[in-house]
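Report on the structure given below.
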Amino acid sequence: MRQRIYVWEIPVRLTHWINAISIVVLSLTGYFIGNPWLFVAYRESYAGFFMGTVRFVHFAAAFVFMASVFLRTYWAFAGNAWSSWRGLFPFLTKRGRQGMLHAFQYYFFLRRDPPETIGHNALAGMTYAIIVVLYAMITFSGLALFGDLHPESIWAKLTGWVLMNAPAQQLRTVHHVIMYLLILFAMYHIYVAWLIDMEEGNGLMSSIFSGFKFLRPDQAPDWIEPEAEAAAPASKKVSSHAD
């Protein structure tokens, strides 16, 4: 009989989907800005404003994305153990390093059993640390390019020094390369989540909507959980909490 455990709190699920939608919108509009593949006839009334509209949508999505990242950063300190910032640094603890090795062996077909965890496995946590760095880089480069076009804005004052040391075109290239890396990560992320859900049967895919996962009563504690909590019986962690 599996136990239902409330893992992903509302801010985690909310920012997950805001980030996902924002990245889709940013990728589509960003690619168009860099390579306008759609031709709009000049006789159309909106032709003169089409690129401006695309740029506005891009910038609006960017600020929504930034707000979501700030909220998730706050929740990394205010949320439960599975949303903690400690999840980004599994290599700092012995249990984390063991978890990384287990996940690495599983993903590279060196062992059959998946790393059963309540939250993210250790290797996924390490991957998310890299994603956070990419988030910071693509946001900062985007703000620098925005400031270059709007010299009267606060972003020009905060990021103007970047363009004094790197050409704008080089910054755009970095911006686009990171976009492609995030798209590749999203594709792999969906595949792995689906795979783990089928392997473990714990409701991983549905948990990002409901917040709940379904775990075996004897499942071992996560590497991310504090030692005192990890020593507690699994039944103590069961929650019927609802949103």
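The values are calculated or read from the model by the stated rules, or taken from the named source; none is laboratory data. For clarity, every value in this text was computed on a predicted model and none was experimentally measured. Cβ coordinates were reconstructed from backbone atoms using ideal geometry, including for glycine residues, and neighbour counts include every protein chain displayed. To get the accessible areas, we keep the full protein, side chains included, count just its heavy atoms, and leave off ligands, DNA and RNA. Shrake-Rupley method; radii C 1.70, N 1.55, O 1.52, S 1.80 Å.
Figures for the structure shown
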{"read-out": "Residues in region 191-221 that a label on residue 3 would reach, taking backbone N under 17 Å of a point 7 Å out along Cα→Cβ", "value": "202-203, 212-221"}
{"read-out": "Neighbour net charge for residue 20 - beta-carbon separation under 14 angstrom, K R +1, D E -1", "value": "+2"}
{"read-out": "Listed residues 100, 51, 187 arranged by accessible area, highest first, probe 1.4 Å", "value": "187, 51, 100"}
{"read-out": "³J(HN,Hα), Karplus 6.51/-1.76/1.60, whole Hz, each residue of region 122-130, x for Gly, Pro", "value": "5, 5, 4, x, 5, 4, 5, 5, 5"}
{"read-out": "Extension gain, residue 129 back to residue 163 (0.36 nm per residue minus Cα-Cα distance, nm)", "value": "9.6 nm"}
{"read-out": "In region 1-36, the chymotrypsin sites (Phe, Trp or Tyr not before Pro) that fall in loop regions by DSSP, at most 16 other Cβ within 10 Å", "value": "none"}
{"read-out": "Sites matching trypsin sites (Lys or Arg not before Pro) across region 92-183 that sit in DSSP coil, with at most 15 neighbouring C-beta atoms within 10 Å", "value": "111, 112"}
{"read-out": "Accessible area in the full protein assembly, largest first, 1.4 Å probe, for 189, 175", "value": "189, 175"}
{"read-out": "Residue-averaged [θ]222 nm for the chain, counting only DSSP H segments that reach four residues, each worth -39500 (n - 2.57)", "value": "-21000 deg cm²/dmol"}
{"read-out": "Sequence of 190, 5 when ordered by accessible area, the most exposed leading, probe 1.4 angstrom", "value": "190, 5"}
{"read-out": "Computed FRET value (nearest 0.05) for residue 28 with residue 218, which takes r as the C-beta separation and R₀ as 41 Å", "value": "0.35"}
{"read-out": "Residue range of the chain that is longest and free of GluC sites (Glu not before Pro) which are both DSSP loop and sparsely packed (at most 12 other C-beta within 10 Å)", "value": "45-151"}
